[in-house]
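Have a look at the structure below, then the notes.
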Amino acid sequence: MAKIVVVTSGKGGVGKTTTSASFATGLALRGYKTVVIDFDIGLRNLDLIMGCERRVVYDFVNVISGDATLHQALIKDKNCDNLYILAASQTKDKDALTEEGVQKVLDDLAKDFDYIVCDSPAGIEKGAFMALYFADEALVVTNPEVSSVRDSDRILGILSSKSKRAVEGKEKVKEHLVITRYNPDRVEAGDMLSIQDIQDILRIPVLGVVPESKDVLQASNTGTPAINLKGTTVSEAYTDLIARFLGEDKPMRYTTAEKKGLLKRLFGGN
Amino acid sequence: MTISPPVKINLASFDYYVLKLSPDVNIGQIQDKLIHLRKLDAFGRYLVIEFDGKLNHEKQSEIVKLLKAEAIKLMFELKFILANEFALVKTIGDIPVVELALNLKSNPIANSVLRIEDPIRSGIKIENDGDIIILNLVSHNAEVISGGSIHVYGDARGRLVAGRYGDKSARIFVQKFNPELISIAGVYRALDEKLPEHLLNKPAQVFLDDKDRLNVVAL
């Protein structure tokens, strides 16, 4: 039986799609058959970040409305055998997502896949609600910044009261915190919330901390999930995150400010 | 937990109807009763159903189903609660009966305590007519609204509204005090400024004094 994992945040621009792409790729690299679905109907991004936008012929809404089969709409990732993408529609609106329609697509996918990753849109409107409704586990993506943390708290409230598991009184959706754009130097200078500050507000376990890095922008501009940029801190952080998600014990990295040597302090540089 | 429309901080009154049913109640009697209730303008009110002890569970759920179906047929908006045998009941005529319970204090439903163990997140609203006990944190922008007192054994960062129906003896007890808003019996204060050291994130209680002023004291 497939596990449904939603990647959500409330606030926009915190790294949901970047995290979805890298998380799904990471699971697939570990040998799990994974599909990642873009729930941001009308503003599709996931296919761009996964570098497959030119191969989108049929999308999620086409499958729901019966215009295409799942087989036609699933796009196989070019780098990774176990990974498939179900793109969002650019031309439809969020009302196309019906509960029965989404349920049927997820049920059909569950027969073939180990993990179904749902990339949620920002906000708490229908698209975001549909993305989290069926979830078994949730990655709540947050930036070290008050408004982002507050929105994540709101999403956690919705997960614990309005998700299918909550409505049916089943075991709670398992919540994981993913902190992105973390900059230990700025935390030390007091410009950013620390991991401790964020945990004090949200009180859920931290699955991973992804450092702020210019590689993320480069990754999305070239259509490569950040986890595939070998040797970068972001790739390493996502690889650790996957390991922890699969139950391995990995210490957090890139969470403390680097001690700068005399030369570095004199001449700057990153 | 529910997410519902904005708060009314001070609701003046609360009432409901009690419907007592005996084992030999039949569908005709239920229909009569509902028509009677409709005449009383019971729209949106709670209907407390009290069963005579001799009714078994199966029969009870059967009757509740029947009531709901009949209420819908009559275009009736009633919320049902099952009472225990302590509910206030009077009878009119020979048929089981309708009574307006006015006294909140002697009202077993209103005085029931709600205990919550999960965190109360931003945007979630918790309401209870009796006391509310929370064993976890109350996040910023969460609302806790009680007819009686509120007890928070954790960080209180949201809005705490006690004595919503005007009970001035209601109090708020908090383990780590830092709420956005406190209110007792309609007297409220938004805590916009930074709290003094001896209160901030410390155990504290809130009560109304004899001049209806809100007092916050460290515990």
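The values are calculated or read from the model by the stated rules, or taken from the named source; none is laboratory data. The structure presented is a predicted model; accordingly, all values stated were derived computationally and were not measured. A quick note on method: Cβ atoms are made from the backbone with ideal geometry, for glycine too, and the neighbour counts reach across all protein chains shown.
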(message) Looking at region A:167-176, can you tell me whether even one residue there is crowded, with 17+ Cβ neighbours inside 10 Å, within 14 Å of chain B (Cβ to nearest Cβ), farther than 22 Å from A:Leu27 by Cα and charged (D, E, K, R)?
(response) no
(message) Checking A:Ala122 against (1) crowded, with 21+ Cβ neighbours inside 10 Å; (2) away from chain B (no Cβ under 14 Å); (3) aliphatic (A, V, I, L, M); (4) outside any helix (DSSP H, G or I), only one condition comes out false. Which one?
(response) (1)
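Among the candidates A:Ile198, A:Ile179, single out the residue that is surrounded by 19 or more Cβ atoms within 10 Å (Cβ to Cβ), among the β-branched types (Val, Ile, Thr) and outside any helix (DSSP H, G or I). Outline the logic, then answer.
Working: A:Ile198 fails: outside any helix (DSSP H, G or I).
None of the other options fit; the residue is A:Ile179.
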(message) Criterion first (away from every other protein chain (no Cβ under 12 Å) and farther than 14 Å from B:Ala170 by Cβ) does B:Ser112 satisfy it?
(response) yes
(message) Taking the condition of being surrounded by 20 or more Cβ atoms within 10 Å (Cβ to Cβ) and free of Cβ contacts under 8 Å to residues at least 12 places away in the same chain, how many residues in region A:151-166 meet it?
(response) 1
(message) Need pairs with beta-carbon distance below 7 Å; first residue more than 13 Å from every other protein chain (Cβ to nearest Cβ) and closer than 10 Å to A:Ile179 by Cβ and within region A:196-212, second part of a helix (DSSP H, G or I) and polar (S, T, N, Q); sequence gap 6+ or separate chains.
(response) A:Val206/A:Gln199; A:Pro211/A:Thr233
(request) Kindly indicate the residue of region B:171-219 that is part of a strand (DSSP E or B) and among the polar types (S, T, N, Q) and also farthest from B:Asn128 (Cα to Cα) among those meeting that condition. (result) B:Asn215
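How many residues does region B:116-141 contain that are of a type outside the set (Val, Ile, Thr), within 12 Å of chain A (Cβ to nearest Cβ) and either surrounded by fewer than 24 Cβ atoms within 10 Å (Cβ to Cβ) or over 17 Å from B:Phe173 (Cβ atoms) (or both)? I'd like the intermediate steps shown before the answer.
Taking region B:116-141 as the starting set, the residues that turn out to be of a type outside the set (Val, Ile, Thr) are B:117-119, B:121-123, B:125, B:127-131, B:135-137, B:139-141.
Next cut, within 12 Å of chain A (Cβ to nearest Cβ) only: B:117-119, B:121-123, B:125, B:136-137, B:139-141.
Restricting the remaining residues to those that are either surrounded by fewer than 24 Cβ atoms within 10 Å (Cβ to Cβ) or over 17 Å from B:Phe173 (Cβ atoms) (or both) gives B:117-119, B:121-123, B:125, B:136, B:139-141.
Summing the residues that are of a type outside the set (Val, Ile, Thr), within 12 Å of chain A (Cβ to nearest Cβ) and either surrounded by fewer than 24 Cβ atoms within 10 Å (Cβ to Cβ) or over 17 Å from B:Phe173 (Cβ atoms) (or both) in region B:116-141 gives 11.
Here is a check on your reading of the model: is B:Lys168 out of contact with any strand residue (DSSP E or B) (no Cβ under 9 Å at 6 or more places or on another chain), farther than 25 Å from A:Ser161 by Cα and either outside any loop (DSSP other than H, G, I, E, B) or at pLDDT below 95 (or both)? Don't jump to the end; show me each part of the working.
Working: out of contact with any strand residue (DSSP E or B) (no Cβ under 9 Å at 6 or more places or on another chain): no; farther than 25 Å from A:Ser161 by Cα: yes; either outside any loop (DSSP other than H, G, I, E, B) or at pLDDT below 95 (or both): yes.
In short, no.
I'm trying to understand the selection: among the residues of region B:135-158, which are in contact (Cβ under 8 Å) with a residue 60 or more places away in the chain and either assigned to a strand (DSSP E or B) or over 15 Å from B:Leu114 (Cα atoms) (or both)? Give the derivation first.
Taking region B:135-158 as the starting set, the residues that turn out to be in contact (Cβ under 8 Å) with a residue 60 or more places away in the chain are B:143, B:145, B:147.
B:Glu143, B:Ile145, listed by residue number.
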(message) Test of understanding: among B:Ala162, B:Ala156, which residue is away from chain A (no Cβ under 11 Å), farther than 30 Å from A:Val173 by Cβ and aliphatic (A, V, I, L, M)?
(response) B:Ala162
